[in-house]
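The values are calculated or read from the model by the stated rules, or taken from the named source; none is laboratory data. Just so it is clear, the model here is predicted, and its values are computed rather than measured. We place every Cβ from the backbone using ideal geometry, glycine too, and count neighbours over all the protein chains shown. Only protein heavy atoms, including side chains, enter the accessible area calculation; ligands, DNA and RNA are left aside. Shrake-Rupley method; radii C 1.70, N 1.55, O 1.52, S 1.80 Å.
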Amino acid sequence: MPDFHQTDHAVRGACPHDCPDTCALLVTVRDGRAIAVRGDPDHPTTHGKLCAKVARYTERTYHRDRLLQPLKRVGPKGSGQFAPVSWDEALDDIAARLKSIAARDPQAILPYSYGGTLGFVQGESMAARFFHKLGASLLDRTICSTAGEAGLNAVIGGKLGMDVEQFANSRLIFIWGSNSITSNLHFWTYAQQAKRAGAKLVCIDPWRNDTAEKCHEHVQLRPGTDAALAYALMHELIAHDWLDHDYIARYTLGFDALKARAMQWPPERAAQVCGVPVEQIRQLAHDYGTLAPAAIRLSYGLQRVRGGANAVRAIACLPALIGAWRHEAGGLLLSSSNHFKADAAALERPDLLAGRTPRTINMVTIGDDLLRESSPAFGPKVEAVIVYNSNPLAVAPDSAKVRRGFARDDLFTVVLEHFQTDTADYADYVLPATTQLEHIDVHKSYGHRYWLANNAAIAPLGEAKPNTEIFRLLAARMGFTEPCFADSDEQIAAQAIAADPRNGGITWSQLQRDGWAKLPAAAAPFADGGFPTPSGKCEFWSQREADAGRDPLPEVVLPYECAETAPELAARYPLAMISPPSRNALNTTFVNVASLHGDSAGPRVVLHPQDAAARGITDGQWVRVFNDRGAMQARATVSDRTRAGQVVAQGMWWRKLSPDGQTTNVLTHQRLTDLGAGPCFYDCLVDVAATPADAA
């Protein structure tokens, strides 16, 4: 146990949040209290800088609203009325309720978690063991990135790509579907280095975000049309012979089929679909075909539409066509996750299922699934939900249905949390969890190639406990006696790092001491092919997709909700809504840290001047954004940074912090992406009107 009461000292940590940067932290502690959190200046990708959110992490840990004791509901669900109880009372009652439900069918119990922390210890380790032993329903954790993952898998074989540090040496960078200044700040540092050295930066995104403002060029395409743009670029690369024929011949599969498909997408056709000028597409292709090394930084915004996976598939074909993978500073990066090797079997212990095969519920469809009755197709009605590392009432789509599900009187809900979130308001028990400063963890990154350790800087506040300890205590009360339930957090951290060549011999004890260590992966992972696909090549044409009855080539799949696919709906709701992250929150984390928001607090939507004028809306007015699923109030910003016909709703707020108790996800639907069964948050038609008071 560390001595938390030393004089001023720095403790090595890691940012736990759902961000590709996964920064290395130094936490300054004085007399047992954390007084500052700063970036580690020696960590190459953090280079001593943090985003505004994490730089204020002590405000979150010591927030006046922090939950520091177990709570039991004493009022109606959703009222937020709770009374303090002891840990023993809470855990005894929770275990008794779970035992009773499990005796009928453990599949009636559902875990619900995602990226509140991306750490292996406080994420899916002891929790997964608990639910596997119980035989609870499995959760398909699809709410963020599975469409993009499926797209990458089909073409290059996994979540692999460039070393982010090499972007500094690129001559051309496409920043595709990302507001890097907001959500990938440390990549942006490398992009700026490249810019200063003469590189051209192009932002491809439906709205002129902060990053687009700083790039040389902005391609403002319609949401969900990225695959069409990618095919038009291929058309021009092929038509002008800006190709690396040797790389294509040696290291790719299916070029002739891809060529035939690409030639169906001349720039003129793509320009009509994407809503961008023909000449801009031609120039983009010329730059990509002639400026080497050329790099693409993809992010997950573009895959949150119906055709998101196929869009990633199409874009992932581009680097191989021009041989960009030959260069350390060329290629593509969406995620670096598969460069790491975590030992999921040791962490999660699926062997505890003992041959059982529980059903799997997709977290995106939680709104529908909590309202289903028992049936042969669905299985037992969900009777209990254990929520940790997530806030589904705010982050899940079609939130009116999500609220109705959690409001069921016959649903037993337990929430592990730092604060009394929207979801916590509907819990039967709220259990206080530790923040990153109060527990240990081990992290990989999906934006760089460093393992990181998080050491506990301070003792847990109040009665808060790590997620692992909460599930240990529940396991004991459930009578689970397997030795794995006694593993300490340090033992779990050590188990997380697999003894695999990809990890280069990195160990937990090394990380605890040094804070971080880099993987030995090659800077140019596919310079000589070696793709982890069945053929070992970059698969333009996928036999796996053909065997699954799907198109073996990337498709152009337009959104569920657009004029081409749903003309009657588009006539009633003519504005496409996207909801990218705000700069000062991360999903719904940090929205209650007042110092981050100031006068900008609360939901806001950006409307094009043309759309605002047609509706009699002026800048700063309160407006109503609505469709058949629901409505929300927000303050309007009138700006040409968005396209005509498009609304940008920035970030997600807690319902209780919104003027009408609604957030962006009251408008989104639960339909799934083409591959990967992911959400379609940016595939949403709405209309906007001035609120009655402002309209008057």
Problem set entry | Answer from Gly307, Gly355 - the residue that is touching a Leu at 6+ places or on another chain (Cβ under 7 Å) and farther than 22 Å from Pro20 by Cβ | Gly307
Problem set entry | Filtered residues of the stretch 470-487 (kept if without any contact (Cβ under 8 Å) to a residue 12 or more places away in the chain and either among the hydrophobic types (A, V, I, L, M, F, W, C) or in a helix (DSSP H, G or I) (or both)) | Ala476, Pro483
For this session: Of all residues in the stretch 576-620, count the ones that are modelled with pLDDT of 70 or more, in contact with a Phe, Trp or Tyr (Cβ under 7 Å, 6 or more places away or on another chain) and in a loop (DSSP other than H, G, I, E, B).
Result: 5
Exercise. Which one is farthest from Gly307 (Cα to Cα) among residues in the stretch 145-165 that are assigned to a loop (DSSP other than H, G, I, E, B) and open to solvent by 10 Å² or more (accessible area, probe 1.4 Å)?
Worked result: Leu160
Problem set entry | Lone unmet requirement of (1) open to solvent by 10 Å² or more (accessible area, probe 1.4 Å); (2) of a type outside the set (Lys, Arg); (3) under 26 Å from the mean Cα position of the chain (by Cα) for Asp547 | (3)
For this session: Just one of (1) out of contact with any strand residue (DSSP E or B) (no Cβ under 9 Å at 6 or more places or on another chain); (2) open to solvent by 20 Å² or more (accessible area, probe 1.4 Å) trips up Thr673, so point out which.
Result: (2)
Problem set entry | Number of positions in the stretch 652-696 that are among the small types (Gly, Ala, Ser), in contact (Cβ under 8 Å) with a residue 60 or more places away in the chain and more than 20 Å from Pro609 (Cα to Cα) | 4
For this session: Could you check Leu302 against (1) crowded, with 24+ Cβ neighbours inside 10 Å; (2) not in a helix (DSSP H, G or I) and say which number it fails?
Result: (2)
For this session: Could you please let me know if Asp205 is touching a Leu at 6+ places or on another chain (Cβ under 7 Å), crowded, with 20+ Cβ neighbours inside 10 Å and of a type in the set (Asp, Glu)?
Result: no
Exercise. Can you pull out the residues in the stretch 423-461 that are open to solvent by less than 10 Å² (accessible area, probe 1.4 Å), out of contact with any strand residue (DSSP E or B) (no Cβ under 7 Å at 6 or more places or on another chain) and under 24 Å from Gln166 (Cα atoms)?
Worked result: Ser445, Gly447, His448
Problem set entry | Matching residues in the stretch 108-132 - criterion: being more than 21 Å from Ala342 (Cα to Cα) and part of a helix (DSSP H, G or I) | Ala108
Exercise. Restricting the stretch 621-642 to residues that are touching an Asp or Glu at 6+ places or on another chain (Cβ under 9 Å) and outside any strand (DSSP E or B), which is farthest from Glu561 (Cα to Cα)?
Worked result: Gln621
Problem set entry | Pairs where the first residue, in the stretch 253-275, is on the phi > 0 side of the Ramachandran plot and the second is aromatic (Phe, Trp, Tyr), C-beta under 8 Å, 6+ apart | Gly254/Phe540; Gly254/Trp541
For this session: From (1) crowded, with 24+ Cβ neighbours inside 10 Å; (2) in contact with a strand residue (DSSP E or B) (Cβ under 8 Å, 6 or more places away or on another chain), pick out the condition that doesn't hold for Thr360.
Result: (1)
Seminar exercise, completed: Among helices (runs of 4 or more DSSP H) entirely inside the stretch 191-290, those with 3 or more residues being touching a helix residue (DSSP H, G or I) at 6+ places or on another chain (Cβ under 7 Å) and closer than 30 Å to Pro552 by Cβ are 226-239, 245-251, 255-262, 267-274, 278-290
For this session: Looking only at the stretch 398-430, count how many residues are aliphatic (A, V, I, L, M) and assigned to a loop (DSSP other than H, G, I, E, B).
Result: 3
For this session: Name the residue, out of Gly289, Gly308, Gly331, that is crowded, with 24+ Cβ neighbours inside 10 Å and on the phi < 0 side of the Ramachandran plot.
Result: Gly308
Exercise. Where in the stretch 1-97 are there strands (runs of 3 or more DSSP E), lying fully within it, with 1 or more residues that are in contact (Cβ under 8 Å) with a residue 60 or more places away in the chain and β-branched (Val, Ile, Thr)?
Worked result: 9-14, 24-30, 33-39
